[in-house]
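The values are calculated or read from the model by the stated rules, or taken from the named source; none is laboratory data. Just so we're clear, the structure is a prediction, and the values are computed from it rather than from any experiment. Cβ coordinates were reconstructed from backbone atoms using ideal geometry, including for glycine residues, and neighbour counts include every protein chain displayed. Calculation scope for accessible area: heavy atoms of the full protein, side chains included, ligands and nucleic acids excluded. Shrake-Rupley method; radii C 1.70, N 1.55, O 1.52, S 1.80 Å.
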Amino acid sequence: CVPADARLSVVFAARQAGVIAGLDCARLAMLQLDPDARFEALVADGDAVGADTALARVDGNARAILSAERTALNLLGRLSGVATLTRAYVDAVAGTKARIVDTRKTTPGLRALEKYAVRCGGGVNHRFGLDDAVLIKDNHLVAAGGIRPAIERVRAGLGHMAKIEL
């Protein structure tokens, strides 16, 4: 029902207060369907915003914008949710030596984006994958015969730059 040459201008706005993450994802969703669209971010990833804050303005082909909007909003909403929750935990430990660190347990296909959102919220990335470091857990210690033998065996098989967590 939308003419092929129709133009549209829209504003993405926050429904509630939070920390923004994923503006580039929203921009790329729009540009994927309309390479000539104009996407103007009005805030930056990592910014804390209030409800009803305008986040971005998009001008372009109406069909493309209407087709891409759900993907753009889903990514922006998901990543901003991760950033907002992370910021709440970061604020809760402010003034202590504690750091809020993420996990590898992420939504399939969204690991890099969700880890980015954690950083936008003030958190720290732990590991991206199993190959980033060696993690020795309690059940490994039992099977290895204790802390010292476990660490010695791991070090014997790794380079000197490998990270070992116990």
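Considering A72, A51, A64, which residue is loosely packed, with under 12 Cβ neighbours inside 10 Å and either at pLDDT 95 or above or of a type in the set (S, T, N, Q) (or both)? It is A51. Within the stretch 58-78, being under 19 Å from R7 (Cα atoms), of a type in the set (A, V, I, L, M) and assigned to a helix (DSSP H, G or I) holds for A62, A64, I65, L66, A68, A72.
With respect to the conditions (1) touching a strand residue (DSSP E or B) at 6+ places or on another chain (Cβ under 8 Å); (2) free of Cβ contacts under 8 Å to residues at least 24 places away in the same chain, D24 lacks only one, and its number is (1). Under the condition of being within 30 Å of D45 (Cα to Cα) and in contact (Cβ under 8 Å) with a residue 24 or more places away in the chain, the residues counted in the stretch 121-162 number 11. Residue count for the stretch 119-148 satisfying the condition of being open to solvent by 60 Å² or more (accessible area, probe 1.4 Å) and part of a helix (DSSP H, G or I): 11.
Could you please find all residues in the stretch 38-57 being of a type outside the set (G, A, S) and part of a strand (DSSP E or B)? Scanning the stretch 38-57 gives R38, F39, E40, V49, L55, R57.
The numbered conditions (1) surrounded by 16 or more Cβ atoms within 10 Å (Cβ to Cβ); (2) within 28 Å of A92 (Cα to Cα) are all true for V154 except (2).
Which residues, taken from the stretch 84-118, are of a type in the set (S, T, N, Q) and open to solvent by 70 Å² or more (accessible area, probe 1.4 Å)?
Scanning the stretch 84-118 gives a single hit, T96.
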